[in-house]
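Have a look at the structure below, then the notes.
Please treat every number below as a calculation from the coordinates, not as lab data. Owing to the predicted nature of the structure, the values given are computational and were not obtained by experimental measurement. Every residue, glycine as well, gets a Cβ built from its backbone with ideal geometry; the counts of neighbours run over all protein chains shown.
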Amino acid sequence: MKKNVLISGGSGFIGKYLTHLLVEKGFSVAVLSRSKRENTENISYYQWDVNKQYIDENSVINADYIVHLAGEGIADKPWTNKRKKVIVESREKSIELIYEALKKNDKKPEAFISASGIGIYGAVNGPLICNENTPSAKDFLGTTCQKWEAAADKIASLDIRTVKIRTGLVLGKDEGFLKKLVPIFKLKLGSALGSGKQYMPWIHIDDLCSIYFEAITNSKLVGPFNAAVFDNTTNTSFSKTLAKTYGYTLWLPNVPAFLLKLVLGEMSKIILTGRRVSSAQIEKLGFEFRFKNLKDALKDCLLE
Ligand SMILES: NC(=O)c1ccc[n+]([C@@H]2O[C@H](COP(=O)([O-])OP(=O)(O)OC[C@H]3O[C@@H](n4cnc5c(N)ncnc54)[C@H](OP(=O)(O)O)[C@@H]3O)[C@@H](O)[C@H]2O)c1
């Protein structure tokens, strides 16, 4: 019988690609969503409502593995106090809901794999290379990731292997960050942001899905893992490579940091600050990135 992977937030960017990979590899997939959706041959849908603390418990009962991707978009709306609460609670409270459902059942999944972010290390613009033992930052993203991971650790307390995927900027066709940038760069109006010196650890969506697949199938993976290519990509080098993909050289001056702060407020930190991140821990376990070169990754995502 096919093993079943339950993916919370499986209808989003990463979830759709991961579902495709899992189905291809012979798994059945179940998606936890806030919306009612029609089942397909390989995907069954279950509903939940984190605010009302409701979950269809059949989703959890049938799961051999759980992947937790659900959460409000971090860069979707300005970070007012209300929005910050929504960002944190959509991650923390949703895991708690899964935890309570798991506690009631004797059958436990073989692993719980949660998304997390490299934002946990904060803005370390400098030579420091963050690894999985680097302390988490005290800023909003750092504390959000810390609470997110602490909620996942509660699942580990049920004796379930738990993995936390500290994800860099994910590159995928018509999705995520690139979806916002591409129309500007296609018009040759792209430019670097702020000083442009901020590091931008990135990962191709195919490699990220392979890391999730590894986390599902390889019981050696436990705890946090950075999921980003270890290179020297900064905002300037990223912008230059993206412009080159469309056949031109960056010509506009950098967008001034003060302007981005004015428009985006505190959320501008996402694009104005960065950190270098080591990928050694996942590579030590034998994982090999298919896309280690930004130019190739962008070409794969952008060119028809
Ligand atoms: N994409 C990146 O570059 C990146 C980088 C680092 C970390 N991550 C993290 O990886 C996870 C998946 O990312 P993604 O890019 O696939 O995100 P996404 O496309 O926004 O998908 C997330 C899904 O979460 C569900 N969701 C949203 N708000 C929710 C809420 N209040 N309660 C319950 N579910 C909610 C939605 O599914 P339904 O509408 O079906 O409920 C949505 O499709 C996120 O937690 C994200 O923060 C992503």
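Given a Förster distance of 41 angstrom, what is the FRET efficiency for Trp251 paired with Asp49, based on the Cβ-Cβ distance and rounded to 0.05?
Efficiency for this residue pair is about 0.25.
Relative to the first principal axis of the alpha-carbon coordinates of the chain, what is the inclination of helix 13-24, with its axis defined by its Cα atoms, in degrees from 0 to 90 and to the nearest 10?
Roughly 50 degrees, rounded to the nearest 10.
Where a Cα-Cα gap under 15 Å defines reach, which aspartates and glutamates qualify for Lys269, not counting those fewer than 8 residues away within the same chain?
Asp76, Asp139
Determine, from the Cβ-Cβ distance of Lys299 and Lys138 and an R0 of 45 Å, the FRET efficiency 1/(1 + (r/R0)^6), rounded to the nearest 0.05.
0.70
If you take every residue apart from Leu221 with its C-beta less than 9 Å away from the C-beta of Leu221, what net charge results, scoring Lys and Arg +1 and Asp and Glu -1?
So the surrounding residues net to +1.
Roughly how big is the stretch 160-201's charge dipole about its Cα centre, with Cβ charges of +1 (Lys, Arg) and -1 (Asp, Glu), in debye to the nearest 20?
Roughly 100 debye for the stretch 160-201.
In nm, to one decimal, how far is the modelled label at Phe258 from the one at Arg37, with both set 7 Å along Cα→Cβ?
Result for the modelled spin labels: 4.6 nm.
For all pairs of alpha-carbon atoms in the stretch 38-114, what percent lies in each bin of width 10 Å, listed from the first bin to the last filled one?
Taking all Cα pairs of the stretch 38-114, the binned fractions are 17, 45, 28, 10, 0 percent.
Suppose the chain between Leu158 and Leu181 were pulled fully straight at 0.36 nm per residue; how much longer would it get relative to their current alpha carbon spacing?
Using 0.36 nm per residue and subtracting the Cα-Cα distance, I get 4.1 nm.
What whole-number distance in Å separates the alpha-carbon centres of the stretch 2-63 and the stretch 239-287?
32 Å
In degrees, nearest 10, range 0 to 90: what is the angle between the Cα axis of helix 205-217 and the longest Cα principal axis of the chain?
Rounded to the nearest ten degrees, it is 30.
Compute for the stretch 142-188: radius of gyration divided by Kirkwood radius, i.e. Rg/Rh, restricted to C-alpha atoms, rounded to two decimals.
Result for the stretch 142-188 is an Rg/Rh of 1.26.
Given H placed on each backbone N at 1.01 Å, which residues far from Val163 in sequence or on other chains put an amide H within less than 5 Å of it?
Sorted by chain and number, the residues that satisfy this are Phe112, Ile113, Ser114, Gly223.
Under a point spin-label approximation (7 Å from Cα along Cα-to-Cβ), what is the Lys284-Lys82 distance to one decimal in nm?
4.6 nm
Per DSSP H run of at least 4 residues, take -39500 (n - 2.57); add these up for the chain, divide by its residues and hand me the 222 nm value, nearest 500 deg cm²/dmol.
Calculated at 222 nm, the ellipticity per residue is -11500 deg cm²/dmol.
With both partners inside the chain, how many of the DSSP beta bridges are antiparallel, as a percent to the nearest 5?
Roughly 10 percent of the DSSP beta bridges within the chain come out antiparallel.
Output wanted: per-residue J couplings in Hz (rounded whole) for the stretch 92-103, from phi through Karplus 6.51 cos²θ - 1.76 cosθ + 1.60, θ = phi - 60°, x for Gly and Pro.
5, 5, 5, 5, 4, 5, 5, 4, 5, 5, 5, 4
As an exercise, use a Förster radius of 51 Å and the Cβ-Cβ distance of Asn232 and Asp106 to find the FRET efficiency, rounded to the nearest 0.05.
Calculated value: 0.55.
If you keep only loop residues by DSSP, which trypsin sites (Lys or Arg not before Pro) in the stretch 98-137 have at most 13 other Cβ atoms within 10 Å of their Cβ?
Taking the stretch 98-137 and a limit of 13 other Cβ atoms within 10 Å, the loop trypsin sites (Lys or Arg not before Pro) found are Lys107.
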